[in-house]
């Protein structure tokens, strides 16, 4: 299955984590990319089946150490590593390899924001892997390095860019989002134990502390053409996958419900992976489980003077690995939609 | 267990539903109230154990039809009925019986709001069963009828009344709340099937359409002493119980994080059922499962100029049945805290 | 996506249910079969997106009434209907159409068993759609009608046929299986509400009452070449998908752990959809979510003299829709594995 | 709440774990026992609220180190510690203190079984804390040390002792049980992460390897008056609490369904915490959540010649902490039922 000889060969660094597993799940079904070397940190030397038992076709593959040597010789390298490891690796991989970083290192343009939210020196800025942003497809087609967006910023940016592009809202956004636990990775923290998360919704990173906040501000400000304020509150929901982001912004004067809907239909026309639901239906994360699709719906709350946009994605697919492959397809000269499912797994 | 002869005898109408079951769970452990007649609609004639198998001590009790005759002769009658049935019953129960309505019929003061959100004529307004509101304990102590607040308004009002009372925020609130499925009752809708809700968070009633919105506006406006705007978005989370409400409002000029915390500590001092968490910890609904407690935390997001308050309650306990009993205790001249757990069941 | 002109055109009757939705999910990705007409009962006339919002590419398709006319003109018709409706439809569809029945009507060979467990007259017996059974691939290659196995019998038969074929166990089996709620379909029963199933495991159909029991007996007796007794207890687990079946049988005299493992390796060699895990690892339903794979492991409990086989499948995929397509592939002359995923979606 | 001066003072060692938390939850509501010192290992020095935020009334209590000095001076000490730590502590606590060990150290009578299943030397045998076993209440009333049963053995023994006591079954038992994740404690293992356990049922300890197996054999053999064989398979279900045990044994010749039911009714008559459901209803773990109750049902499968008993308990309540307090009540001369809930929290 991974020996097709399609010509494009991909390595995955961080293959034993959740993002790495999702990259491999999608690449196994990708008709234009073959799975090459798999690497990881502490699980190097063990078979992939010990960590990703759902990837039956790769169960016997031995994970290698994450080194430039192991990753060399691939057309594309996907990095699903903790923050801070990508820059050094990338420097040694050379310009012939497309490097797609699922981590945060190269997402922000502001060094001050980087240092304020992540600490340490800023590694730089790479082309931002959200093809749906105006003008971004051209940039990605020419890219040799790609910074994959964070999962929350993916959902919020897709939900609000049509409103800001059309000037339908004021630049003062409140976002509350619920995420499945896989967004936190396979970290051994008590708060992520099944006994703690099942049957419970909890808040974290409240008050603007979450690291994805400046990325949302960056994206929305770029579209709005001016500074946008974002109050972002993430919450953890008892499910493994999915993000439901509720995005609320003051409606611009004179906006009507029909005008709002029309603007979204117009902005999303032809987008293969962003889907505005029919009127009267609202997003559920289950609609997108395993799919590279963002599902959204809009409302105008006239009493409160607010536009409300609700967006559902699978945080591991469109929010990470699927988004990464979508951008890689563009940079590799493949059809943007190749190998990316638009059908979810439900119920 | 329900034959103690404490003197106060309670009937529960709607005993086969979730709110009715929670009322009975709490009353079984209440040292000052005995369980009397149980009534319901379509399940009349069957033993309670068919519907509430967790209430072992009442398993053999036969449910009666919900009629004034069945409910007569009790010191207190708890109504856990669909909207529109309470007024007629109450009219026939006479002034010697305390009537505590867990439904919406008598919550709103504005007939226009009632008709706009619920349809049909407004039944009236009863004393509002949220003892934590300034001045409300005195009103409830003298009440013979009580309108128990909705579950969402309970969480949002408890979370924001200290901020409005102290003038810390502007009257322009955004609320996004996640609720467990029991909030929808035992209704046989496809969207409430386990297969649909497990593994999924979904939005509903978006854009100001949820019926609890005017109740929040009413409460917060009363505390603020002027009109408050509320943009409210409810979401459904894959858990049976619990509400996590994230409440966001513009910070008043000059507000500091220390000042915010201090004001909440001051406002909640002595409140038996509202608990401000230590700094650095954030609410999870699991902290309150089965308890009559609201757990909250506050933050000042200086970048976004917003106060963020996160509140967790059990929608069936503090959000419905526990809140009902707390108010009934006051009206019956019993200690407010009697029979109400402050300890949750976790993990 | 469904207009490829591959030559094989499929209709799905019962398209608004869970089995129908899973058939469509798999067929949308099947390179050799196009999706034709969709039919259902009470949801006829509505768009599929109202019922299967995860199937974005078919969202606007209007569901038709389930009639012979609507289903005519297809190369293959998949029936995902309540018991008792298949025979009449099949009679009118003619011999040119392959009919694949996901219901129970034609699974049993014994009319007495049918009447005893399902009631009413026996409709007949069709070729049994479990290709892994010895000799069954040849039968299915020539079939024009196929009876898709029940989900529980699929798991139990795949788990135990190697043991019975090799004479490793005595014919006296105890099976306890946990199923996700989708196994019960989209039925509006209180016991299937999310509030009831989340956080709870429950038993049902205990004492040999479950309708899948005679089907297990039939399959295992055929392999064993003599009567096999099965004590089967199903349980409902708080998840939407998946079956974990624990199958226990007395070990034949002289059996060793090594001999047991070897026999299973031998029997399953080359099977594309049945996977024996490496020693020391045990099945989890998450390993197979969305995949057409059965994952199993075996143990010899020497103290108790028992062989224990644990099998995990996705009840909707290998247990229903995937199994149906696997058998249909054979009958249509397509490669057995075509369009069927062996990769699960996890976490 | 914990200062009542009832005379009986309890210390809890292991207060930051799940068993310790449940002991404290129950003791807080126990009218005859006050909560004294709380101790733990690595969390010593921190407030209990950091680990058990649901226990609001003890949130500020500082956890002490688990030493004999800290535990001295209490009427009863509950030990909720890892295996192997109880013996040394108990030796230093003196005969005036009732010691109730929730761990496994003193449960088994056979040193060979201990060494075979747990490794290392056998610490000894203490009176077994299952009051429902014939003759055990008298033993516990005189005990100064108590070994609390394992959670699985509690469920299985309660389910089968009536059958063995009345000679209704052959001594050859198959048990498959599903447990919530809290049974594994707060251990930081990848397999216990929420992302792994949600949406999945998995097997572990298959083939007679689980340490609770010899304890079941010991209990059932004692009741049967001869050796009983047990094939035990535990599974992990996506819920925090609860055990559902399905126990299957060959029916003795001549047994009838009516005779079976009658024998159970007789054997369980007057038992405060074991409840046989009405005919036609089957146990769900949700029926017992937070309650000290075992709920069971029986069936005779005449076709398979098997008695099937299904038992539901809350593994942390009746399966651990509630069972511990029930036995402690007896040893302290308090009413057996004191402070122990028979009402579950549902839905």
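None of the figures in this text is laboratory data; all of them are computed from the coordinates on show. In this text the structure is predicted, and so the values were computed from the model without any measurement. In this analysis, Cβ positions are derived from the backbone assuming ideal geometry, glycine residues included, and neighbour counts consider all displayed protein chains.
Key figures
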item: Kirkwood-Stokes translational diffusion coefficient of the range C:144-273, alpha-carbon pairs, 4 °C, 1.567 mPa s, µm²/s; result: 81 µm²/s
item: Number of partner chain Cβ atoms within 10 Å, mean per residue of D:302-311; result: 6
item: Label geometry 7 Å along the beta-carbon vector: residue B:120 inter-copy distances in nm; result: 4.0, 6.3, 6.7
item: Shortest-first nm distances, residue D:50 label point to equivalent points in other copies (7 Å, Cα→Cβ); result: 3.3, 5.3, 5.6
item: Relative contact order computed over the range D:220-347 (Cα-Cα under 8 Å; 6+ residues apart), in percent; result: 27 percent
item: Ranked C:161, D:78, criterion: other C-beta atoms within 10 Å, fewest first; result: C:161, D:78
item: Compactness relative to 2.2 N^0.38 Å, alpha carbon Rg of the range A:237-322; result: 1.14
item: Relative contact order (percent, whole number), chain C, Cα cutoff 8 Å, 6+ residue spacing; result: 17 percent
item: Neighbour-count order for D:246, A:66, fewest beta carbons within 10 angstrom listed first; result: A:66, D:246
item: Shape category assigned to the range C:191-347 from the gyration tensor of Cα positions, a/c cut at 1.5; result: rounded
item: Inter-site label distance for residue B:67 and residue D:257 at 7 Å from Cα along Cβ, in nm; result: 3.7 nm
item: More than 16 angstrom apart: percent of Cα pairs within the range B:125-169; result: 41 percent
item: Expected 222 nm ellipticity per residue - DSSP helices of 4 or more, -39500 (n - 2.57), all of chain D, to 500; result: -7500 deg cm²/dmol
item: Full-extension gain in nm, residue B:303 to residue B:141, via 0.36 nm per residue minus C-alpha separation; result: 53.9 nm
item: Directionally averaged shadow of the range B:63-142, computed from the convex hull of its alpha-carbon atoms, nm²; result: 6.0 nm²
item: Acute angle (nearest 10 degrees) that the helix C:151-165 long axis makes with the longest principal axis of chain C, alpha-carbon atoms; result: 40 degrees
item: Histogram of C-alpha separations across the range A:1-149, 10 Å bin width, %; result: 12, 39, 35, 12, 1
item: Distances in nm from residue D:338 to the matching label points in the other copies, shortest first (labels 7 Å along Cα to Cβ); result: 2.4, 7.6, 7.6
item: Global geometry of the range C:83-229, whether rounded, prolate or oblate, following the gyration tensor of its Cα atoms and the 1.5 cut on a/c; result: oblate
item: Convex hull volume of the range B:161-222 per residue (C-alpha atoms, cubic angstrom); result: 114 Å³
item: Computed label-point distance, nm, for sites residue D:279 and residue A:266 using a 7 Å Cα→Cβ extension; result: 7.1 nm
item: Ranked list, fewest to most other Cβ atoms within 10 Å of each Cβ, for B:16, D:155, B:179; result: B:16, B:179, D:155
item: Length-normalised contact order of the range D:20-120 in % [C-alpha pairs under 8 Å, at least 6 apart]; result: 19 percent
item: Degrees separating the helix D:322-331 axis from the principal Cα axis of chain D, which is the longest one; result: 80 degrees
item: Cα-projected label distance for residue D:110 with residue D:91, points at 7 Å along beta-carbon direction, nm; result: 2.7 nm
item: Using alpha carbons only: equivalent-ellipsoid semi-axes of the range D:198-255, gyration tensor based, whole Å; result: 26, 14, 10
item: On Cα atoms only, tilt of C:257-268 relative to the major axis of chain C in degrees; result: 20 degrees
item: Overall form of the protein assembly as shown per C-alpha gyration tensor (a/c, 1.5; a/b vs b/c); result: rounded
item: Rg(Cα) / (2.2 N^0.38 Å) computed for chain C, rounded to two decimals; result: 0.96
